[in-house]
Amino acid sequence: MEETFVDKTEEPILKVEHLKKYFPIKRNFFGKPTQFLHAVDDVSFEVNAGTAIGVVGESGCGKTTLGRTILRLYDVDGGTVVFDGVELSSLKKSELRKYRTDIQLIFQDPYSSLPPRMTVGSIIAEAVKVHKIVPSNEIHDYVLGVMKQCGLQPQYYDRYPHEFSGGQRQRICIARALAVKPRLVICDEPVSALDVSIQAQIINLLKDLQRTMGLTYVFISHDLSVVKYITDQIMVMYLGNVMELGDTERIFENPQHPYTKALFSAVPVPDPDAKMNRIILEGDIPSPANPPRGCKFHTRCSQCMNVCRMIPPAYLETEENHFVACHLYNEEIMRELDKYDAMYEEELRLQAEKEAEEYARKHRKRTRNSGSADGTDSSIGGTQDGTDGVSADGTEPADTPAGTTAGAEEAQTEESQVR
């Protein structure tokens, strides 16, 4: 493969705006979705050609879903994905086919992502044949050239995936992705399943390939040290939303969002004398099927305010190319905290009144049900024989204490006469 050096440009090769991907988890009798899991919820970012952006966050925050939605492996439920000026989110499958070679994916697991019954040469050559990257008589030499570029020996051409280690399998996955000459590569945690020493080899390989081929990376990872080394930007995600976005060096020097600070405080420092100011997040990440109201992070945030419980934060540029979704950096919100505190207290009061009314209604219902079970109904004064309080001779029973006393006196007089 011919090596060409491409400078980093200021033109965004990938532009994602308000991207959404929801998965239905409940349906009604007619099959219509009634509840959704918000995997990716209003995500926006840009990537310049020849650069790399890192996507970090806890497990379940939507990183992998974001990458697959950009690739259109998942249909887009909202927003746009623009690649090199073409809106991919609106293309049909037949129209999308010609862009498949421009965007490739390196999977997380090198063991399950390779077909076990195909040789390495066949795996790498398959997409080359389908998309007619080179003439048929040049495919063998072309695949050998790609393998050499990815650190694979020529004798590996006729071997099967089970004969290789994890690092070598990941090199095969990288070679398969690069064989179609992509311009954008989405790396879905490509080193998380590898040993530390092998991780360094794969990361260096990706850096070399980016430099020689001018590749653009969307690098998804949990390892912040790896992200710091390979990326130019970092995007922090939480529960499907972007919490912070900015240049790698600037975010590491000055993380602003409380969630970003908590993540970066967990990065080990190679200095035994350095004191770690670890920020421990309490509780578990909420369910994306039922996300919290307001800021999604407020249930675990140590700096949570009442306004965070009511209003989602705006996405603000606090510094040049540094964006944060947090009320702490919204001057207008911070000036009116008293107003939002009063609004929140009023909401709590109304909610308490509503809950009290609901409790009283349920209590009355239980009282009526228990009365019916005993054969009496306090609302109509019925008796067990269902005669609605009317005796057999057609007279109504005495319903006052005085009437009851008079009846008792008459009974005593008759008894004395009998005696």
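The values are calculated or read from the model by the stated rules, or taken from the named source; none is laboratory data. None of these values were measured; they are calculated from a predicted model. Heads up, the Cβs are rebuilt from the backbone with ideal geometry, glycines too, and the neighbour counts pull from every protein chain shown. Only protein heavy atoms, including side chains, enter the accessible area calculation; ligands, DNA and RNA are left aside. Shrake-Rupley method; radii C 1.70, N 1.55, O 1.52, S 1.80 Å.
Residue check: Ala266 meets all listed conditions (1) under 18 Å from Glu58 (Cβ atoms); (2) surrounded by 13 or more Cβ atoms within 10 Å (Cβ to Cβ); (3) aliphatic (A, V, I, L, M) but one, namely (2). Can you pull out every residue in region 82-125 that is in contact (Cβ under 8 Å) with a residue 40 or more places away in the chain, within 20 Å of Leu144 (Cβ to Cβ) and open to solvent by 50 Å² or more (accessible area, probe 1.4 Å)? Once the filter is applied, which keeps residues that are in contact (Cβ under 8 Å) with a residue 40 or more places away in the chain, within 20 Å of Leu144 (Cβ to Cβ) and open to solvent by 50 Å² or more (accessible area, probe 1.4 Å), region 82-125 yields only Met118.
Does region 45-64 hold any residues that are farther than 17 Å from Leu184 by Cα and either part of a strand (DSSP E or B) or among the β-branched types (Val, Ile, Thr) (or both), and which are they? Selection gives Val56 alone.
In this structure, does Gly283 turn out to be at pLDDT below 90 and under 17 Å from Ala262 (Cβ atoms)?
When the stated conditions are applied, Gly283 passes them.
Taking the listed residues Lys275, Lys339, the one that is farther than 30 Å from Tyr22 by Cα, part of a loop (DSSP other than H, G, I, E, B) and open to solvent by 50 Å² or more (accessible area, probe 1.4 Å) is Lys275, with no other qualifying. Against the numbered list (1) buried (at least 16 other Cβ atoms within 10 Å of the Cβ); (2) closer than 19 Å to Leu71 by Cβ; (3) out of contact with any Pro (no Cβ under 6 Å at 6 or more places or on another chain), Arg171 comes up short only at (2).
Could you list, in sequence order, the residues of region 127-144 that are surrounded by 16 or more Cβ atoms within 10 Å (Cβ to Cβ) and of a type outside the set (Ser, Thr, Tyr)?
Ala127, Val128, Ile133, Val134, Ile139, Val143, Leu144
The listed residues are Gly145, Gly151, and the only one of them that is under 26 Å from Ala200 (Cβ atoms) and outside any helix (DSSP H, G or I) turns out to be Gly151. Kindly provide the set of residues from region 256-298 that are basic (Lys, Arg) and over 22 Å from the mean Cα position of the chain (by Cα), ordered by number. Across region 256-298, the qualifying residues are Lys275, Arg278. When residues in region 298-336 are screened for being in a loop (DSSP other than H, G, I, E, B), of a type outside the set (S, T, N, Q) and open to solvent by 50 Å² or more (accessible area, probe 1.4 Å), 4 of them pass. Among the numbered conditions (1) of a type in the set (Asp, Glu); (2) part of a helix (DSSP H, G or I); (3) surrounded by 14 or more Cβ atoms within 10 Å (Cβ to Cβ), the only one that Glu17 does not meet is (2). Would you confirm, using the coordinates I've provided, whether Thr65 is free of Cβ contacts under 8 Å to residues at least 24 places away in the same chain, open to solvent by 10 Å² or more (accessible area, probe 1.4 Å) and under 21 Å from the mean Cα position of the chain (by Cα)? Taking the combined requirement at face value, the residue does not satisfy it. Just checking, does region 28-47 include any residue being in contact (Cβ under 8 Å) with a residue 60 or more places away in the chain and open to solvent by 80 Å² or more (accessible area, probe 1.4 Å)? Checked against the condition, which is being in contact (Cβ under 8 Å) with a residue 60 or more places away in the chain and open to solvent by 80 Å² or more (accessible area, probe 1.4 Å), region 28-47 yields no hits at all. Among the residues making up region 215-253, those that are touching an Asp or Glu at 6+ places or on another chain (Cβ under 8 Å) and part of a loop (DSSP other than H, G, I, E, B) are Ser221, His222, Asp232, Leu239, Gly240. Considering only residues in region 174-198 that are more than 26 Å from the chain's Cα centre (by Cα) and farther than 24 Å from Gly121 by Cβ, the one that is least open to solvent (accessible area, probe 1.4 Å) turns out to be Ser197.
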